Amino acid sequence: MFRIDAAEILLVRLPLKFRFETSFGVQTEKLVPLLVLHGDGVQGLSEGTMEAAPMYREETIVGALNLLREVFLPRVLGRSFANPEALEAALGSFRGNRMARAMVEMAAWDLWARSLGVPLGTLLGGHRTEVEVGVSLGIQPDEAATVDVVRRHVEQGYRRIKLKIKPGWDVQPVRATREAFPDIRLTVDANSAYTLADSGRLAALDAYDLTYIEQPLAWDDLVDHAELQRRLRTPLCLDESVASAQDARKGLALGAGRVINIKVARVGGHAEARRVHDVAQSFGAPVWCGGMLESGVGRAHNIHLSTLPDFKLPGDTSSASRYWETDVVNEALEAEDGLMPVPEGPGIGVTLNRDFTARVSELHEEYTV
Ligand code: OSB
Ligand code: MG
């Protein structure tokens with residue numbers, strides 16, 4: 001049982017340390033919406049992973065913050081819940097907007113775990129004390145720059161290298177990387193940039209021993225992914241296409257992919273992420289934890305989720321210092337030799353750096369009952 005007495009919404013703009021180019025475009029900073037729930041003498045933290053514009057999925061920061069203010073927070077403020085699933089159910093009649101709902105659900109998990117004095121991963125049923133991680137590398141200007149950036153991250157010990165690709169820039173970086181590093185675990189992510197008409201080009205990637213090709217086709221098209229999977233030897237991994245455990249079941253049953261990237265916020269929170277995990281496990285499909293360039297708050301959530309047993313492939317939760325000069329949390333989240341330690345202590349195990357957020361927040365709102 002936990003009670004929610006008050007909430008804060010913060011919005012922080014963080015400059016990215018690297019230029020992140022994907023098939024969506026170029027990103028040089030990150031707008032981070034944060035939610036703090038107060039209750040039972042503790043705070044629960046979460047981060048929104050929707051972006052300013054609806055490029056990755058349909059949700060946006062402005063939309064999410066308005067929904068929090070006007071619809072979701074009024075449903076939970078001043079109420080007690082038996083557990084986070086009960087809170088999830090209180091928002092369960094709403095459709096879509098899973099990233100916005102996840103902000104409330106994930107903060108509630110952190111709050112509950114802190115009130116119980118238990119690490120979130122333990123509460124979710126995970127056992128690991130460290131999780132295997134890789135990196136997601138943006139599109140580079142040419143092959144030499146690609147091999148260079150891959151080398152730097154291989155030398156840091158990352159357990160998997162993921163290259164962003166787009167039509168016209170796919171086989172080239174993959175071939176160059178595979179020639180330079182014959183033995184690394186290598187994947188690509190197209191962020192929905194291809195259609196079935198490109199299946200010949202994508203089949204050419206079969207030659208490079210990729211662990212999977214992530215989300216080559218449209219975000220809402222499982223049928224075409226299934227057709228593409230029949231034409232390829234390389235497993236497909238679904239990211240954008242999976243917003244729920246039901247989506248995961250349909251995707252795996254159709255053969256639209258053989259691997260699932262779980263992003264906890266994309267599917268509506270930890271409870272649903274665990275259901276996606278369980279569905280994938282029942283199909284014998286490995287999962288891994290994706291990332292959305294999270295600040296320390298979302299990053300800590302990702303690490304805790306990754307302690308569950310079917311997270312058999314390295315995730316995208318690389319060191320926070322890769323992304324930010326200064327993070328919004330006080331604790332360092334640094335991988336060593338491709339292993340990210342699970343933050344210790346109750347809940348997600350990190351605390352907001354209030355001096356920093358007070359200085360850089362573009363928005364700070366407080367809500368009480
Ligand atoms: O498709 O996995 C993706 C970042 C923003 C939006 C979508 C994606 C990503 C990443 C970055 O790949 C992963 C990370 O380093 O957090
Ligand atoms: Mg992806």
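Name the shape class, rounded, prolate or oblate, that the alpha-carbon gyration tensor gives for region 192-293, where a ≥ b ≥ c are the square roots of its eigenvalues, rounded holds for a/c under 1.5, and otherwise prolate holds if a/b is larger than b/c and oblate otherwise.
Prolate, because a/c is 1.5 or more and a/b exceeds b/c.
Would you kindly calculate the mean projected area, averaged across all directions, of the convex hull enclosing the Cα atoms of region 136-243, in square nanometres?
Averaged projected area of region 136-243's Cα convex hull equals 6.4 nm².
Over the chain, what per residue volume does the convex hull of the Cα atoms give, in whole Å³?
118 Å³
Let me know the Kirkwood hydrodynamic radius for region 275-365, please, with Cα pairs as the basis and the value in Å to one decimal. Please list the in-between numbers first.
Numbers: mean 1/r = 0.0698 Å⁻¹.
Evaluated over region 275-365, this radius sits at 14.3 Å.
Select from 270, 324, 335 the residue farthest towards the positive end of the dipole of region 249-369; place +1 on Cβ of Lys and Arg, -1 on Cβ of Asp and Glu, and compute about the Cα centre.
Most positive-ward Cα: 270.
Is the shape of region 25-163 rounded, prolate or oblate, going by the alpha carbon gyration tensor and its root eigenvalues a ≥ b ≥ c, with a/c under 1.5 for rounded and a/b larger than b/c for prolate?
Numbers: a/c = 3.02, a/b = 1.58, b/c = 1.90.
It comes out oblate by the Cα gyration axes.
Which number comes out as Rg/Rh for region 218-271 once both Rg and the Kirkwood Rh are worked out on C-alpha atoms?
On the way: Rg = 10.7 Å, Rh = 11.1 Å.
Computed over Cα atoms, the ratio is 0.97.
Kindly point out which whole DSSP H helices in the chain project their C-alpha atoms 20 angstrom or further along the helix axis while averaging a Kyte-Doolittle hydropathy of 0.0 or above.
Helices passing the filter in the chain: 98-116.
Determine the shape class of region 86-148: with a ≥ b ≥ c the square roots of the Cα gyration tensor eigenvalues, call it rounded for a/c under 1.5, and otherwise prolate if a/b is greater than b/c, oblate otherwise. Write down the numbers at each step before the final one.
Details: a/c = 4.20, a/b = 1.69, b/c = 2.49.
Oblate is the answer for region 86-148, as a/c is 1.5 or above yet b/c matches or exceeds a/b.
How big is the Kirkwood radius of region 1-96, worked out from every pair of different alpha carbons and given in Å to one decimal? Intermediate values should be presented prior to the final figure.
Values: mean 1/r = 0.0665 Å⁻¹.
Computed over Cα pairs of region 1-96, the Kirkwood hydrodynamic radius comes out at 15.0 Å.
Within the set 162/250; 162/263; 263/312; 162/312; 17/162, which residue pairs have Cα atoms separated by over 22 Å?
Pairs exceeding 22 Å: 162/250.
Quote the charge dipole size of region 1-144 about the Cα centre in Debye, to the nearest 20; the model charges only the Cβ of Lys and Arg (+1) and of Asp and Glu (-1).
400 debye
Read-outs: derived from the displayed coordinates by stated rules, not from any lab. This one's a predicted model, so the numbers in the text were calculated from it and none came from an experiment. With ideal geometry, Cβ positions are generated from the backbone for all residues, glycine too; neighbour counts draw on all protein chains shown.
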